[in-house]
Every structure is written in C-alpha cells, then in structure tokens.
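To start, the structure itself, in structure tokens.
The numbers here are math on the coordinates, done by the rules we state, and not lab data. Fair warning: this is a prediction, and the values are worked out from it, not measured in the lab. Heads up, the Cβs are rebuilt from the backbone with ideal geometry, glycines too, and the neighbour counts pull from every protein chain shown.
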C-alpha cells in the first residue's frame, strides 16, 4: 500500500483518495449542495432528492408525529419513521469539558470541514468501499455569527440491530458475535478508517451477528498503524465499564481473545 493513498475496488472501478487532505465527495450527478438560511446542505439526490431544510428540525418531525420512541439512549439522535422510510437525525453536540462553554457550537473554518459535511463525506466513501456503515442522506450546517456554526446529519436507519452495549448488559455475547466483531474491525482498519469514538454503543449487531459501525464524527482516513491498537484498547475499556458490575459470564478474557484471534486471522487472509 502506498504511503499516502488507499485504493478501494468497487464494482468495475477503483476509488482513490488522499489520506493527507480533507475528504472530498467525488463529483457525481447525485451529489448536490444548496444554500439554507444561515448555511448550506449537502445531499444525495438519488436517495433524498426532495430534501428540505425542515428535515433537520426535530420539532418539525415531532409535529408530524414521525418520531419513534426508543428505550436505548442515543444521545442527540432522533429516530424517525416517515413515508415508509426509517431515518436517524443527529444534531452534533459537544462532550467533555468543552460542553461547559458551548453544547453544540463549533469553530468555523470552511464548509467541507464542518462536522456534518466531513462525516457525510467519510460515510459516502465507506459505503462505496462496501463497509458496513449507515447510508448517508444529507448534512447541514448553519453559521452562528462569524466564527461558529451548528451541524446536523441525516442517515438511513439500520434495521433490527442492537448495540453491543445493550447486548452485553442483557446477556453474554456468544463466540460467533465476538468473531464477527473482530473481522469487521479489521476491515475498517485495513482500509485506514479511524473511528474517533469506538465504544460499545457504536458497534451494532443483528440476530445473525452481522456487525455495523456508526457515529463517525471526527473520524478520518489514516495509514494503518499504532492507532489501530489504540482503537481496540478504547473498545475494551468501554466493554469493561459496562460489564464491571455484571456477572462474570457477561464478558471474559476468553471473549476478547476470540475477538482478537478473528481480527488477526482476517489480516492474515487479506
């Protein structure tokens, strides 16, 4: 693999992108951008050609009666069932100590580096690389004064899945689940995809133990290296926090060893 490039083979073609530069959505008829009051939106016209600025307004969806209740905490994510579509609307919110000063404002640089546009760009590339991530529909930002902005992202919802967090809290994850997680994570790392917050809430599984990753805010593309190990350590710490007060059978060193065996076996087979 070249130092500064990744190559993804896709149904008859190859997508190339430079890991050292801001991600740019490859030009195409389906990619459109339009202005909205105070900012702009980027959207996939082949999937959301009728998108309007109201789609980024939670109160608009609530007034329509399209918001779906959920028992699992998803932070600022809104689950929407509308016109036979299943959507997730996420408003970007700060965490950590910065949230004391601003809960949802970010420093303005340019449109392509806004949190929502950057994540949509990355999701688009990962979908073209056949990685298991949500389908991006639209992203929006709104300027707040000269130096800050707020942002939102709209994606298709992955159906019939449960987070690793919720599964571990309810019961032990079987061997096949840990193997599937290991193989999935290796695919992302081999393609140089860095997940900035790899924790058990952002790993989703269905009943056939297929795995998806979600929430790529602040994610980017990098040459595989030590950050891959740090990603795994972050996930393990998340799992340990969940299971610390649960019966020992909910998570063991053998479970993690099975995940790592699958992770490295997938690397050897690549």
Checklist outcome for this item: Full extension between residue 50 and residue 31 adds, at 0.36 nm per residue less the Cα distance, a length in nm of 5.5 nm
Item to check | Three-way shape label, segment 162-269, alpha-carbon gyration tensor, a/c 1.5 | outcome: prolate
Next on the checklist: Once you place label points 7 Å from the Cα toward the Cβ at residue 64 and residue 241, how far apart are they in nm?
Outcome noted: 3.4 nm
Checklist outcome for this item: Listing 116, 148 by rising number of other beta-carbon atoms within 10 angstrom, fewest first, gives 148, 116
Checklist outcome for this item: When 126, 176 are arranged by how many other beta-carbons sit within 10 Å of their Cβ, fewest first, they go 176, 126
Checklist outcome for this item: Counted neighbours (other Cβ, 10 Å), sorted fewest up, put 34, 166 in the order 34, 166
Item to check | Sites residue 83 and residue 267, calculated FRET efficiency, Cβ-Cβ separation with R0 35 Å, nearest 0.05 | outcome: 0.25
Checklist outcome for this item: Contact order relative to length for segment 162-269, counting C-alpha pairs under 8 Å separated by 6 or more residues, stands in percent at 43 percent
